[in-house]
Amino acid sequence: MTRVAAVVLAAGEASRFGSPKQLVLLPEVLARLAESPVDEIVVVEGAHRLDPPSNTVLQGIPARLVSCPEWALGQGASLRCGLGALGDDVSAAVVVLADGPDLAPAAVQRVLEAWNATATPVIAASYGGGRGHPLVLARAAWADVPDEGLRGREVLLVPCDDLGAPGDVDTPADLPQRLR
């Protein structure tokens, strides 16, 4: 049986936001992941200590925090910390950002279906033709994640325009009204 884990990158400093935006946005992202077809959730913290407690369960899905001392090196370093915390039985990771509170569980489903159908090692949702999240990373692609992340990596894009982009909250003005 194939196990899939979600890795939530929440290690950044949030300097443009002015405070740890992860504390505001993470509950929404986790709730949406709990509605998606993943077997576990790993949240990578770095610049700020986050909640939930280190081990919890969200709608039956185990969730835990992983601390990443190298977070300042870049998103890739945080991703490596999250991937390194996954068990040998995990075949793929669904990578999402903690600052995307509008993540559609159906987008996670769609990129996972594309991964299952094609066995392509890196698959990303696209919105308006542009690459976005969630991103599926097969275990075969975990070994060489650079500090700057996977933006330079060739990917198969899966259109998710009809589901809406997950958002990208950089400043308080970017917060959806429901989270203000």
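Placing +1 on the Cβ of every Lys and Arg and -1 on the Cβ of every Asp and Glu, with nothing else charged, gives the chain a dipole about its Cα centre of roughly 120 debye. Look at the alpha carbon pairs under 8 Å that are at least 6 residues apart: their mean separation over the length of the chain gives a relative contact order of 25 percent. Potential lengthening of the chain between Ala119 and Arg64 amounts to 17.1 nm, from the contour at 0.36 nm per residue minus the alpha-carbon distance. Determine the share of region 55-180's accessible area contributed by carbon and sulfur atoms, expressed in whole percent, with a 1.4 angstrom probe. Solvent-exposed carbon and sulfur of region 55-180 make up 53 percent of the total. When each of the peptides 127-138, 20-31 is scored by the mean number of other C-beta atoms lying within 10 Å of its residues, the order from highest to lowest reads 20-31, 127-138. Seen from Cys68, the other residues with C-beta closer than 9 Å to its C-beta sum to a net charge of -1, counting Lys and Arg as +1 and Asp and Glu as -1. Scanning the chain for cysteines with no neighbouring cysteine C-beta under 4.7 angstrom from their C-beta gives Cys160.
Only helical DSSP H runs with n ≥ 4 go in: add -39500 (n - 2.57) per run for the chain, normalise by residue count and round the 222 nm mean residue ellipticity to 500 deg cm²/dmol. When only DSSP H runs of four or more count, the value is -6500 deg cm²/dmol. Between Asp168 and Ser15, the simple spin-label model (points 7 angstrom out along Cα→Cβ) gives 1.8 nm. Averaged per residue, the chain has 45 square angstrom of accessible surface, using a 1.4 angstrom probe with ligands and nucleic acids left out.
Working value for the chain: equivalent-ellipsoid semi-axes of 22, 19, 17 Å, each the square root of 5 times a Cα gyration tensor eigenvalue, largest first.
The values are calculated or read from the model by the stated rules, or taken from the named source; none is laboratory data. The structure displayed is predicted, hence computed values, not measured ones. Every residue, glycine among them, receives a Cβ derived from its backbone with ideal geometry; neighbour counts consider all protein chains shown. Only protein heavy atoms, including side chains, enter the accessible area calculation; ligands, DNA and RNA are left aside. Shrake-Rupley method; radii C 1.70, N 1.55, O 1.52, S 1.80 Å.
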